[in-house]
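A short write-up of the structure that comes next.
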Amino acid sequence: MEVCLRVNLLACGSLLARAFRYVLTPPNSTQFRIPAGGSGFANLVVAGDWTKNGIDAGCAEAASTSGMLASQHISGYPRRIKDYTDQL
């Protein structure tokens, strides 16, 4: 019983530690996010929920929108991203 309790506490502790490492968006900070082609290097395109992608949240939707923007920057496809106002 004691071993099970220790394992459960360790598992919960590691889950909480991951949650505390996630970076939140402070108020008025989205203006400083990097767009897909804004890395400053011609051969580096960025993608992730932390980039400028039109969604102010850390979620799968923001990450996939960012991936589509990176694709658009590299290849021009997709031509339009639904509901994204700052099209390239």
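Bear in mind these aren't lab numbers, they're just calculated from the coordinates by the rules spelled out. Fair warning: this is a prediction, and the values are worked out from it, not measured in the lab. Neighbour counts are summed over all protein chains in view; Cβ atoms, including those assigned to glycine, are modelled from backbone coordinates with ideal geometry.
Would you work out the Kirkwood radius for segment 25-88? I mean one over the mean of 1/r across all pairs of different Cα atoms, in Å. Could you put the intermediate results ahead of the total?
Details: mean 1/r = 0.0847 Å⁻¹.
Result for segment 25-88, one decimal place: 11.8 Å.
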Item checked: Cα→Cβ-extended label distance, 7 Å offset, between residue 79 and residue 22, nm -> 3.7
